[in-house]
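Peer 1: Handing you this structure, nothing more for now.
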Amino acid sequence: MSHTSAEELENKLKKARQEIEIGAIYSHYKTLEHKYIVEFIGILEEKEEVCVGYRALYENGILWVRTLENFVEEVDISNSKTSRFIKI
């Protein structure tokens, strides 16, 4: 595990909050009818990676966690790029 300073971690979180809005509703590119609410942005302790926690707004309301990098990345669908999650 790296030993990132508290200041560096806070800077990572600040940058993440500029990309992702806590409390906002997003849909996933594969299932646009399924909606998710971002509940938190945090740090994965083991690797000190910024993560996004989001809850499904359908069925059983499972809480999911992904790295920020994965949450905001673009994916290729039929030779076209789109965001993995789309803010509504």
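Peer 1: Considering only residues that are out of contact with any helix residue (DSSP H, G or I) (no Cβ under 9 Å at 6 or more places or on another chain) and among the β-branched types (Val, Ile, Thr), look in region 1-60 and name the one that is surrounded by the fewest Cβ atoms within 10 Å (Cβ to Cβ).
Peer 2: Per the criteria, the residue is THR31.
Peer 1: So which residues in region 67-88 are within 14 Å of SER27 (Cα to Cα), in a helix (DSSP H, G or I) and not aromatic (Phe, Trp, Tyr)?
Peer 2: Within region 67-88, just VAL72 meets the criteria.
Peer 1: Please count how many residues of region 61-72 are over 16 Å from GLN18 (Cβ atoms) and surrounded by 15 or more Cβ atoms within 10 Å (Cβ to Cβ).
Peer 2: First, pick out the residues of region 61-72 that are over 16 Å from GLN18 (Cβ atoms): 61-67, 70.
From what's left, surrounded by 15 or more Cβ atoms within 10 Å (Cβ to Cβ): 66.
Final tally of qualifying residues: 1.
Peer 1: Does VAL38 meet the test of being outside any loop (DSSP other than H, G, I, E, B), over 16 Å from LYS12 (Cβ atoms) and touching a Phe, Trp or Tyr at 6+ places or on another chain (Cβ under 8 Å)? Lay out the reasoning, then the answer.
Peer 2: Numbers: outside any loop (DSSP other than H, G, I, E, B): yes; over 16 Å from LYS12 (Cβ atoms): yes; touching a Phe, Trp or Tyr at 6+ places or on another chain (Cβ under 8 Å): yes.
So VAL38 passes the test.
Bear in mind these aren't lab numbers, they're just calculated from the coordinates by the rules spelled out. Here the structure is a predicted model, which means the values were calculated and not measured. Every residue, glycine among them, receives a Cβ derived from its backbone with ideal geometry; neighbour counts consider all protein chains shown.
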